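**Student:** Once you've had a glance at the structure underneath, I'll fire off some questions.
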Amino acid sequence: MKQGPKIAAAGLFAVLMSMPLTALAKDFKTETVTLSAETIADGLDHPWGLAFLPDGALIVTERGGTMRIVKDGKVSKPVANVPKVVVRGEGGLLDVALAPDFAKSGNIYFSYAEPRQNGTGTVMARARLVRNGDGAELENVSVLLSVKQSTKGSAHFGSRILVAPDGKLFVTIGDQGTMKRSQNFRDEAGSILRINADGTIPADNPFADGKKGLPQIWSKGHRNPQGAVWDPVTDSLLTVEHGARGGDEVNQPQAGKNYGWPVITYGKDYSGAKIGVGTRAKGYEQPLYYWDPSIAPSGLAVYEGSMFPEWKGDLLAGALKFQMLVRLDRDEKGAIKGEERMLKGEFGRVRDVRVASDGSIYLLTDEGDGKIIRLTRA
């Protein structure tokens with residue numbers, strides 16, 4: 001029997017409603033390719049960090065203090081035994097990364113704002129992730145590094161965790177809301193820190209002997225770095241960090257060097273007042289790239305997948321302020337040649353960017369109804 005238009009429409013609606021959320025995709029044209037964006041999961045509470053598990057599941061942190069496992073579009077109940085965190089302003093449960101031997105050890109690294117009697121501070125811990133059916137729990141939680149000086153503020157905790165190819169850990173730490181701390185080499189705030197996987201200090205750290213700075217410090221003069229990646233093009237660490245009113249930066253932090261905040265900056269205070277001595281001064285490094293006005297960058301990836309060969313070696317950064325994904329076009333030596341702004345205002349504040357093994361790109365949106373967005377080639 002031939003269906004009438006109303007019956008056919010109702011049947012189509014029923015089919016659409018029964019389809020998984022991931023099947024409802026939307027296409028977006030960029031300068032070089034057309035992206036297809038699909039929502040993998042939603043209903044997350046200000047998700048902050050994302051890591052890919054070997055079985056295709058995702059582990060996601062929520063700033064409010066919970067971790068969740070996302071598999072086949074389903075969001076698990078909170079992972080048990082996550083330490084208590086301070087949820088205030090930018091503080092809370094922050095980044096997550098897998099240990100290189102995760103398949104054997106089950107170990108993960110995660111960072112958070114730790115509650116203390118006299119305030120809070122950024123810490124990074126290790127724990128064993130144990131999956132139990134649809135749930136999971138943490139075992140053997142141990143703190144590997146900690147910002148010793150506490151803050152009563154609510155800003156600039158950092159913090160991204162990067163596992164380098166040699167197994168060393170880089171952790172980005174913001175100035176904790178007090179800019180002068182970034183120039184104190186006896187304070188972890190405003191630094192990139194580098195430690196071994198067990199929390200000990202690498203012998204080749206620039207201040208390993210502790211004479212001119214804390215042994216765990218790799219570089220100084222950072223304001224609030226919220227993206228970090230190991231760049232195979234330059235074989236080095238790259239970061240993105242927030243400026244004040246202008247002056248967001250892409251940096252290539254090198255051992256023992258000072259990246260200037262707040263002595264030099266391309267930004268101004270939120271009041272419009274000048275910060276520091278200007279944009280350059282002897283003894284301070286220049287950024288590879290900067291934004292003015294600020295885009296509030298968070299999350300950083302180097303595109304090395306096969307799905308978008310046009311973007312090979314380019315940088316991908318999330319942007320909170322303009323709610324977009326930014327592609328920084330680079331040449332074969334890693335020099336930044338230009339910028340493309342994509343998906344502006346489509347999904348909200350982009351907090352993290354990750355490239356999956358199949359070359360697809362995953363975004364986290366920092367919203368009360370946060371989402372995981374997967375980008376593929378249309």
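**Student:** Find the centroid of the Cα atoms in segment 210-277 and in segment 101-175, then give the distance between the two in whole Å.
**Tutor:** 21 Å
**Student:** Additional query: Give the total of Lys-Lys pairs in segment 271-378 with Cα-Cα distances below 18 Å; include a pair only if its members are 8 or more places apart or on different chains.
**Tutor:** Taking the Cα cut-off of 18 Å, the pair count is 5.
**Student:** Still on this model: Using the beta-carbon distance between residue 268 and residue 104 and R0 = 35 Å, what value does 1/(1 + (r/R0)^6) give for FRET efficiency, to the nearest 0.05?
**Tutor:** 0.10
**Student:** Right, next: For residue 281 and residue 356, compute 0.36 nm times the residue count separating them, minus their Cα-Cα distance, and round to one decimal in nm.
**Tutor:** Stretched fully, the residue 281-residue 356 segment lengthens by 23.0 nm.
**Student:** A further question on this structure: Between residue 148 and residue 332, what FRET efficiency comes out of the Förster formula 1/(1 + (r/R0)^6) with R0 = 41 Å and r the beta carbon distance, rounded to 0.05?
**Tutor:** Efficiency, rounded to the nearest 0.05: 0.45.
**Student:** If you work out Rg and Dmax of the Cα atoms in Å from the coordinates, which of [x] 20.1, 62; [y] 21.2, 65; [z] 21.2, 87 do you get?
**Tutor:** [z]
**Student:** Moving to a separate point now. Hey, rough spin-label estimate for residue 204 and residue 164, points 7 angstrom out along Cα→Cβ, what's it come to in nanometres?
**Tutor:** 0.7 nm
**Student:** Carbon and sulfur atoms: what percent of the 1.4 Å accessible area of segment 26-377 do they account for?
**Tutor:** C and S atoms contribute 47 percent here.
**Student:** Grab the other residues whose beta carbon is less than 11 angstrom from that of residue 365, score K and R as +1, D and E as -1, and report the net.
**Tutor:** So the surrounding residues net to -3.
**Student:** Of 361, 58, 193, which is farthest on the positive side of the dipole of the chain, counting Cα position, with +1 on Lys and Arg Cβ, -1 on Asp and Glu Cβ, and the Cα centre as origin?
**Tutor:** 193
**Student:** Rounded, prolate or oblate: which fits segment 178-244 when a ≥ b ≥ c are the square roots of the eigenvalues of the alpha-carbon gyration tensor, with rounded for a/c under 1.5 and prolate only if a/b beats b/c?
**Tutor:** Taking the square roots of the gyration eigenvalues as a ≥ b ≥ c, segment 178-244 is oblate.
**Student:** Looking at segment 284-378, which GluC sites (Glu not before Pro) are DSSP coil and have at most 12 other C-beta atoms within 10 Å of their C-beta?
**Tutor:** 332
**Student:** Quick one: of the DSSP bridges fully inside the chain, what percent are antiparallel, nearest 5?
**Tutor:** Roughly 95 percent of the beta bridges in the chain run antiparallel, per DSSP.
**Student:** Once you have the Cα-Cα distance between residue 137 and residue 26, take 0.36 nm times their residue separation minus that, and quote the gain in nm to one decimal.
**Tutor:** Here the segment from residue 137 to residue 26 would lengthen by 36.4 nm.
**Student:** Please compute the net charge surrounding residue 339, taking Lys and Arg as +1 and Asp and Glu as -1 over other residues with Cβ under 13 Å from its Cβ.
**Tutor:** Charge balance near residue 339 sits at -1.
**Student:** Using +1 on the beta carbon of Lys and Arg, -1 on that of Asp and Glu, and nothing else charged, what's the dipole of segment 26-377 about the Cα centre, debye to 20?
**Tutor:** Charge dipole of segment 26-377: 1060 debye, to the nearest 20.
**Student:** Which lysines have a Cα less than 23 Å from the Cα of residue 84, not counting those fewer than 8 places away in the same chain?
**Tutor:** The qualifying lysines are 148, 152.
**Student:** Here's a follow-up. So if each residue of separation counts as 0.36 nm, and I subtract the Cα-Cα distance between residue 36 and residue 211, what length gain in nm does that give?
**Tutor:** Result for the pair: 57.7 nm of gain on full extension.
**Student:** With each run of n ≥ 4 DSSP H residues scored as -39500 (n - 2.57), what mean residue ellipticity at 222 nm is computed for the chain after dividing by its residue count and rounding to the nearest 500 deg cm²/dmol?
**Tutor:** Taking each H run of at least 4 residues, the total per residue is -1500 deg cm²/dmol.
**Student:** In the chain, if the dipole is taken from +1 on Lys/Arg beta carbons and -1 on Asp/Glu beta carbons about the Cα centre, which of 40, 99, 115 is farthest to the positive end?
**Tutor:** Farthest towards the positive end: 115.
**Student:** Expressed as an acute angle from 0 to 90° and rounded to the nearest 10, what is the orientation of the C-alpha long axis of helix 5-18 relative to the principal long axis of the chain?
**Tutor:** Tilt relative to the chain: about 40 degrees.
**Student:** Right, another one. Would you mind checking which residues have amide H under 5 Å from residue 298's amide H? H placed 1.01 Å from N; only 5 or more apart, or other chain.
**Tutor:** Result for residue 298 returns 318, 319, 320.
**Student:** What relative contact order, as a whole-number percentage, does the chain give when Cα pairs under 8 Å and 6 or more residues apart are counted?
**Tutor:** Value for the chain: 13 percent.
The values are calculated or read from the model by the stated rules, or taken from the named source; none is laboratory data. What you are looking at is a predicted structure, and each value in this text was computed from that prediction instead of being measured. We place every Cβ from the backbone using ideal geometry, glycine too, and count neighbours over all the protein chains shown. In case anyone asks, the SASA skips ligands and DNA or RNA and just uses the protein heavy atoms, side chains included. Shrake-Rupley method; radii C 1.70, N 1.55, O 1.52, S 1.80 Å.
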